[in-house]
1. Of the numbered conditions (1) under 18 Å from Ala136 (Cβ atoms); (2) surrounded by 21 or more Cβ atoms within 10 Å (Cβ to Cβ); (3) modelled with pLDDT under 95, Ser54 satisfies every one except a single condition; which is it?
2. When you scan segment 1-25, how many residues do you find that are open to solvent by 60 Å² or more (accessible area, probe 1.4 Å) and either within 13 Å of Pro109 (Cα to Cα) or touching a residue at least 60 places away in the same chain (Cβ under 8 Å) (or both)?
3. Are any residues in segment 81-99 open to solvent by less than 70 Å² (accessible area, probe 1.4 Å), among the charged types (D, E, K, R) and out of contact with any strand residue (DSSP E or B) (no Cβ under 8 Å at 6 or more places or on another chain), and if so, which ones?
4. Answer yes or no as to whether Thr59 is hydroxyl-bearing (Ser, Thr, Tyr) and open to solvent by 90 Å² or more (accessible area, probe 1.4 Å).
5. Give the number of residues within segment 42-51 that are touching an Asp or Glu at 6+ places or on another chain (Cβ under 9 Å) and small (Gly, Ala, Ser).
6. Looking only at strands (runs of 3 or more DSSP E) that lie completely in segment 38-142, which have at least 2 residues being free of Cβ contacts under 8 Å to residues at least 12 places away in the same chain?
7. Please tell me if Val102 is touching a strand residue (DSSP E or B) at 6+ places or on another chain (Cβ under 9 Å), β-branched (Val, Ile, Thr) and either more than 19 Å from Leu51 (Cβ to Cβ) or at pLDDT below 95 (or both).
8. Out of Ala43, Ala70, which single residue is farther than 17 Å from Ala124 by Cα and among the aliphatic types (A, V, I, L, M)?
Amino acid sequence: MTIAAAADIFRQLDREVWIVTADDGAGRRGGLLCTTVVSASIAPECPRALLTLSHLHQTWSLVRASGRFALHLVSADQVERALRFGTTSSRETDKFAGLSVVKGPSGAPRLTDAPAWIDCRVEATLPIGDRTVVLAEATDAE
């Protein structure tokens with residue numbers, strides 16, 4: 001087996017694409033595309049999300065500062081949205097410009113046309129090299 005075979009296997013998976021947004025409470029906001037979001041609880045009364053965030057992204061610093069963020073499911077017809085949040089930096093551009101955005105219950109920017117969203121509160125983090133694993137409680141959703 002070669003490492004290229006592993007990449008081929010991963011390309012066969014059909015996984016959800018999520019946008020993570022956060023606001024530090026001091027006027028800075030950002031968002032990024034995230035494909036490592038999974039449910040971390042089987043108990044409906046305590047939903048949890050597990051995701052990884054790169055330390056290189058401004059969004060990670062916003063999540064770390066506020067302890068909160070919002071997850072937005074990206075639909076198949078929102079390719080442009082995925083590209084906007086996945087190929088530019090929040091340090092260099094306002095990714096929310098021209099989009100319908102409200103402040104979510106956590107204070108994180110909420111994209112109003114997302115097919116689904118989950119507001120989250122960070123419960124625990126685990127640094128793993130250039131990323132941090134984040135375990136978060138879902139505090140609101142629609």
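1. With respect to (1) under 18 Å from Ala136 (Cβ atoms); (2) surrounded by 21 or more Cβ atoms within 10 Å (Cβ to Cβ); (3) modelled with pLDDT under 95, Ser54 is out only on (2).
2. Filtering segment 1-25 for residues open to solvent by 60 Å² or more (accessible area, probe 1.4 Å) gives 1-3, 8-16, 25.
Cutting the leftovers down to either within 13 Å of Pro109 (Cα to Cα) or touching a residue at least 60 places away in the same chain (Cβ under 8 Å) (or both) gives us 25.
Total satisfying the criteria: 1.
3. Of segment 81-99, the ones open to solvent by less than 70 Å² (accessible area, probe 1.4 Å) are 81-82, 84-86, 88-90, 93, 95-97, 99.
From the residues that got through so far, the ones that are among the charged types (D, E, K, R) too are 81, 84, 95.
Listed by number, the list holds a single entry, Arg84.
4. Values: hydroxyl-bearing (Ser, Thr, Tyr): yes; open to solvent by 90 Å² or more (accessible area, probe 1.4 Å): no.
So Thr59 fails the test.
5. Of all residues in segment 42-51, those touching an Asp or Glu at 6+ places or on another chain (Cβ under 9 Å) come to 46-49.
Keeping just the survivors that are small (Gly, Ala, Ser) gives 49.
The number of residues fulfilling the criteria is 1.
6. 101-103, 117-128
7. On the way: touching a strand residue (DSSP E or B) at 6+ places or on another chain (Cβ under 9 Å): yes; β-branched (Val, Ile, Thr): yes; either more than 19 Å from Leu51 (Cβ to Cβ) or at pLDDT below 95 (or both): yes.
Here the answer is yes, as Val102 does meet what is asked.
8. That would be Ala43, the only listed residue that is farther than 17 Å from Ala124 by Cα and among the aliphatic types (A, V, I, L, M).
The values are calculated or read from the model by the stated rules, or taken from the named source; none is laboratory data. Just so it is clear, the model here is predicted, and its values are computed rather than measured. Heads up, the Cβs are rebuilt from the backbone with ideal geometry, glycines too, and the neighbour counts pull from every protein chain shown. To get the accessible areas, we keep the full protein, side chains included, count just its heavy atoms, and leave off ligands, DNA and RNA. Shrake-Rupley method; radii C 1.70, N 1.55, O 1.52, S 1.80 Å.
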